[in-house]
Amino acid sequence: MPIRNTSTLRIGDLARISECQDVTVRYYEKEGLLPEPVRSSGNYRLYGPTHVERLQFIRYCRSLDMSLAEIRELLALRDNPANECGQINALLDRHIAQVQARIRELEHLQKHLLMLRKECGESRPVQACGILQGISHDIRCETCPTLA
């Protein structure tokens, strides 16, 4: 569907173009990430190219696993193009550090799961399963952080 120059897209059209759900569009509006749309005489929300572009930006940021707070900060910076991009670099550096921390946590989780997997052979009855006994007795690897 071609994007029209005026605010004539209904929420379903915007959602379809942006490959998301109507409820997602409403949520981003409620969170202040999307500007308030104009309303038709029948009180339908009407969107334009600015909404499409901004929603696609938000969705791409979400695909990078950015939080809504991070996206809100990026949008505020983007809305003031005269600013320097140092704040954007700092935001991305913080996000990279969070990703690196999660990778370490997932590597510990993998190690713990592999340790549990070694506790059980293929042909034991369930009551003798080393995995279930390990979980029941809270067997942990010594280098893994406490799992919440």
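The values are calculated or read from the model by the stated rules, or taken from the named source; none is laboratory data. Keep in mind it's a predicted model, so treat the numbers as computed, not measured. Virtual Cβ from ideal backbone geometry, glycine too; neighbours counted across all protein chains shown.
Considering only residues in the range 23-37 that are surrounded by 14 or more Cβ atoms within 10 Å (Cβ to Cβ) and hydrophobic (A, V, I, L, M, F, W, C), the one that is nearest to E53 (Cα to Cα) turns out to be L34.
Quick check: anything in the range 55-71 more than 19 Å from L92 (Cα to Cα) and at pLDDT 95 or above? Yes, some residue in the range 55-71 is more than 19 Å from L92 (Cα to Cα) and at pLDDT 95 or above. The set of residues from the range 66-111 being within 28 Å of V25 (Cβ to Cβ), out of contact with any helix residue (DSSP H, G or I) (no Cβ under 7 Å at 6 or more places or on another chain) and part of a loop (DSSP other than H, G, I, E, B) comprises S67, D79, N80, P81.
Tell me the residue from C120, C129, C61, C85 that is under 29 Å from R16 (Cβ atoms) and either outside the structural domain of S18 (by TED's automatic domain parsing) or not polar (S, T, N, Q) (or both), please. The match here is C61. The listed residues are R10, R62, and the only one of them that is on the phi < 0 side of the Ramachandran plot and without any contact (Cβ under 8 Å) to a residue 12 or more places away in the chain turns out to be R62. Can you say whether H95 is in the same structural domain as G130 (by TED's automatic domain parsing), under 17 Å from the mean Cα position of the chain (by Cα) and without any contact (Cβ under 8 Å) to a residue 40 or more places away in the chain, as far as the supplied structure shows? Yes.
Is the range 69-87 home to any residue that is at positive phi and more than 14 Å from the chain's Cα centre (by Cα)? Within the range 69-87, none of the residues are at positive phi and more than 14 Å from the chain's Cα centre (by Cα).
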